[in-house]
Each structure stands twice: as structure tokens, then as C-alpha cells.
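Have a look at the structure below before the remarks.
The values are calculated or read from the model by the stated rules, or taken from the named source; none is laboratory data. Since this is a predicted model, take the numbers as computed values, not measurements. Cβ coordinates were reconstructed from backbone atoms using ideal geometry, including for glycine residues, and neighbour counts include every protein chain displayed.
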Amino acid sequence: MNSGEPAVAIDNLVKRFGDFVAVDHVFCRVDRGEIFGFLGPNGAGKSTTIRILCGLLTPTEGEARVDGLDVGREPEKVRQRIGYMSQKFSLYDDLTVEENIDFFSGVYGVPADKAAGRKDYALRISGLEARRRTMTRLLPGGWKQRLALGCAVLHEPPILFLDEPTSGVDPIARRGFWDLIYEFAAGGQTVFVTTHYMQEAEYCHRLALMNQGRIIALGPPNDLKRERGLGSMEEVFVAAIEAEEARDQ
Ligand SMILES: Nc1ncnc2c1ncn2[C@@H]1O[C@H](COP(=O)(O)OP(=O)(O)OP(=O)(O)O)[C@@H](O)[C@H]1O
Ligand SMILES: [Mg+2]
């Protein structure tokens with residue numbers, strides 16, 4: 001672990017697709033062990049930023065470092081240091097629970113002498129010990145997402161990127177999912193998570209609110225509310241975006 005460095009350091013990051021600016025001069029730092037939330041309307045640039053941080057997209061301008069590694073220059077090394085749950089369901093529906101775990105264990109290069117232990121861990125945290133031979137497509141949505149999370153942490157990555165991990169998941173399963181996120185953070189892992197659920201935004205240590213590629217508010221949820229004299233994250237979200245739109249006009 002490059003422990004002298006922040007988990008994530010983003011400096012003046014820009015991503016353009018042709019003339020369109022999806023990520024517009026973003027700066028931010030995420031500390032180790034922090035649960036950092038990314039909020040913002042559809043199309044704000046959250047997934048694009050995460051894909052850059054995971055070494056899957058190259059920045060157009062600026063710099064992003066993950067675990068001290070430059071994502072533009074060393075994307076392969078970055079991918080070994082992170083776990084990633086993409087916004088779209090990332091497992092194989094036509095494999096069993098156990099086959100998915102074995103497959104991702106191979107992809108992430110889990111050493112042979114650790115593979116059985118890590119598989120037990122993934123089954124335990126996803127609550128799927130009794131359903132290891134169930135076809136993944138037959139699992140309810142919330143269980144699938146827990147399995148995807150179990151697969152994303154097989155190689156014990158210090159930093160996790162979770163892009164809308166609980167989208168479409170019922171409130172009880174969501175709560176269980178967040179219990180795991182807290183467990184990871186308590187163990188020193190950094191969690192960078194996007195969500196459209198305001199309740200989940202409240203669970204984060206710090207939040208960045210993104211709109212049209214820019215970070216328009218940043219801080220702990222309680223500070224963001226207090227600064228504006230507002231009672232809920234939903235009100236903060238709406239007020240910050242309306243203020244931004246008024247300024248643009
Ligand atoms: N490969 C691409 N080529 C062109 N435009 C893209 C590409 N990927 C993303 N975009 C555009 O960039 C903008 C930001 O998309 P992104 O997926 O990052 O948003 P998001 O904040 O994750 O939204 P959502 O909440 O809907 O997931 C969108 O307008 C999208 O259409
Ligand atoms: Mg997205």
C-alpha cells in the first residue's frame with residue numbers, strides 16, 4: 001500500500017467526448033478508510049469519473065492518482081489495487097454463484113493458496129453459502145448485487161469503486177449492503193460510491209455533488225445541510241443544482 005498518499009487524488013481532471021465535456025476540471029481528494037459519495041443528476045459525469053479512476057478511460061487533461069498510481073500512465077497497476085462494481089450488473093447470469101466467484105478470483109489473480117478462503121469470505125458476506133450452486137440469474141436483485149460486491153473484493157483491494165451498487169435494491173437489502181460498506185471502511189478500505197438515494201448519501205463520510213461535469217458542493221452531509229440551513233440532503237441537492245442553473249443563465 002502506498003500509505004503516504006491519499007486513496008484518490010484528482011487534479012484538474014477533464015474528459016471530453018468530441019466537443020462534449022463530460023468531466024470539467026474536477027479536483028478532489030479521498031482519504032484512506034473514507035466512505036466518499038458521489039451524487040448528481042443523470043449524465044452529471046459520475047460514471048465517467050469512476051471509469052477514469054479505474055483505469056478504463058484515459059483522461060483528456062489533468063491527472064488522477066489512485067493508491068498513489070497515475071491512472072493515465074499505469075492503468076494495469078491501478079486495476080490490481082481496486083475493486084469495481086460497474087453501474088450495469090457485472091456478473092455472468094448463466095454461471096452459478098460459485099462459478100462466478102471462481103471466475104473473478106482467476107481474473108483478479110487471487111493466489112491458489114488463498115482462493116478457497118477468499119471464496120468462503122465472498123460467500124459469507126453475500127449471504128449465499130447455502131445457494132452456492134444456484135444459477136445467478138435466479139437470484140433476487142439484492143442478492144446479485146451482494147454477490148457482485150463479494151466478487152469485487154476477492155483480491156482484497158484497498159480501494160473500492162461502487163457505481164450505483166444498490167440501484168433497484170429493496171430498502172432492507174440496501175441496509176445490509178451498507179453494513180458491509182461500513183465493515184470495509186472500518187477495516188481501512190476506501191469506498192468511493194455513487195448513488196441516487198438520498199438516504200445513502202447521509203451514510204457517507206463526505207459527499208461530492210456533481211452537475212454537468214463539475215463538482216458544485218463538497219463536504220460531510222451535515223456540513224452541506226448546515227451551511228445552507230436545510231434539513232435534508234434532498235433539499236441540498238435541489239438547491240445546489242438550482243443555484244448552479246441560475247448562475248449559468
Ligand atoms: N463514451 C461516450 N461517448 C460519448 N458520450 C459519453 C460517453 N460516455 C458518457 N458520455 C456522456 O457523458 C455524460 C456523463 O455520463 P455519465 O455516464 O458519466 O453520467 P452519470 O453521472 O454516471 O449519470 P447516471 O446517473 O445516469 O448514471 C452523459 O451525457 C453521457 O451521455
Ligand atoms: Mg452513472
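Hey, can you tell me all the residues within region 1-33 that are among the acidic types (Asp, Glu), assigned to a strand (DSSP E or B) and closer than 25 Å to MET233 by Cα?
Residue satisfying the conditions is ASP24 alone.
Since GLY72 meets every condition but one in (1) in contact with a His (Cβ under 9 Å, 6 or more places away or on another chain); (2) under 30 Å from ASP24 (Cβ atoms); (3) among the small types (Gly, Ala, Ser), which condition does it not meet?
(1)
Looking only at region 88-134, filter to residues that are of a type in the set (Asp, Glu) and in a helix (DSSP H, G or I); which one of those is surrounded by the fewest Cβ atoms within 10 Å (Cβ to Cβ)?
Looking at the filtered set, the residue picked out is ASP113.
Sort out which residues of region 1-30 are away from ligand 2 (no atom under 16 Å from the Cβ) and out of contact with any strand residue (DSSP E or B) (no Cβ under 8 Å at 6 or more places or on another chain), and write them in order of number.
MET1, SER3, GLY4, GLY18, ASP19 - these are the residues of region 1-30 that are away from ligand 2 (no atom under 16 Å from the Cβ) and out of contact with any strand residue (DSSP E or B) (no Cβ under 8 Å at 6 or more places or on another chain).
I'm told ALA243 meets every condition in (1) surrounded by fewer than 21 Cβ atoms within 10 Å (Cβ to Cβ); (2) within 16 Å of ligand 1 (Cβ to nearest atom) except one. Can you identify the failing condition by its number?
(2)
Mind listing whichever residues of region 69-87 are more than 16 Å from ligand 1 (Cβ to nearest atom), of a type in the set (A, V, I, L, M, F, W, C) and outside any helix (DSSP H, G or I)?
Listed by number, the residues that qualify are LEU69, ILE82.
For region 152-173, state whether one or more residues are of a type in the set (Ser, Thr, Tyr) and within 16 Å of ligand 2 (Cβ to nearest atom).
yes
Scan region 130-182 residue by residue and report those that are farther than 19 Å from VAL107 by Cβ and hydrophobic (A, V, I, L, M, F, W, C).
Answer for region 130-182, where residues must be farther than 19 Å from VAL107 by Cβ and hydrophobic (A, V, I, L, M, F, W, C): ALA130, MET135, LEU138, LEU139, TRP143, VAL169, ILE172, ALA173, PHE177, TRP178, LEU180, ILE181.
As an exercise: evaluate PRO157 against (1) within 16 Å of ligand 1 (Cβ to nearest atom); (2) at pLDDT 95 or above and give the number of the one condition it does not meet.
(1)
Can you pull out every residue in region 155-177 that is more than 23 Å from PRO6 (Cβ to Cβ) and not hydroxyl-bearing (Ser, Thr, Tyr)?
Passing the criteria: GLU164, GLY168, VAL169, ASP170, PRO171, ILE172, ALA173, ARG174, ARG175, GLY176, PHE177.
Can you run down the residue pairs with Cβ atoms below 6 Å, 6 or more apart or on separate chains, where the first is in region 33-61 and touching a residue at least 40 places away in the same chain (Cβ under 8 Å) and within 16 Å of LEU209 (Cβ to Cβ) and the partner is assigned to a loop (DSSP other than H, G, I, E, B) and within 9 Å of ligand 1 (Cβ to nearest atom)?
Listed by first residue and then by second, the contacts come to GLY45/GLY213; LYS46/GLY40; SER47/GLN87.
Among the residues in region 131-140, are any at pLDDT 95 or above, in contact with a helix residue (DSSP H, G or I) (Cβ under 6 Å, 6 or more places away or on another chain) and either within 16 Å of ligand 2 (Cβ to nearest atom) or closer than 26 Å to THR49 by Cβ (or both)?
Checked against the condition, which is being at pLDDT 95 or above, in contact with a helix residue (DSSP H, G or I) (Cβ under 6 Å, 6 or more places away or on another chain) and either within 16 Å of ligand 2 (Cβ to nearest atom) or closer than 26 Å to THR49 by Cβ (or both), region 131-140 yields no hits at all.
So GLY83 ticks every box in (1) on the phi < 0 side of the Ramachandran plot; (2) surrounded by fewer than 18 Cβ atoms within 10 Å (Cβ to Cβ); (3) in contact with a Leu (Cβ under 7 Å, 6 or more places away or on another chain) but one. Which box is left unticked?
(2)
Just for region 34-54: of the residues that are more than 9 Å from ligand 1 (Cβ to nearest atom) and part of a helix (DSSP H, G or I), which one is nearest to the chain's Cα centre (by Cα)?
The qualifying residue nearest to the chain's Cα centre (by Cα) is LEU53.
Within the group PHE192, PHE161, PHE184, PHE237, which residue is touching a Cys at 6+ places or on another chain (Cβ under 6 Å) and on the phi < 0 side of the Ramachandran plot?
Criteria check complete, one pass: PHE161.
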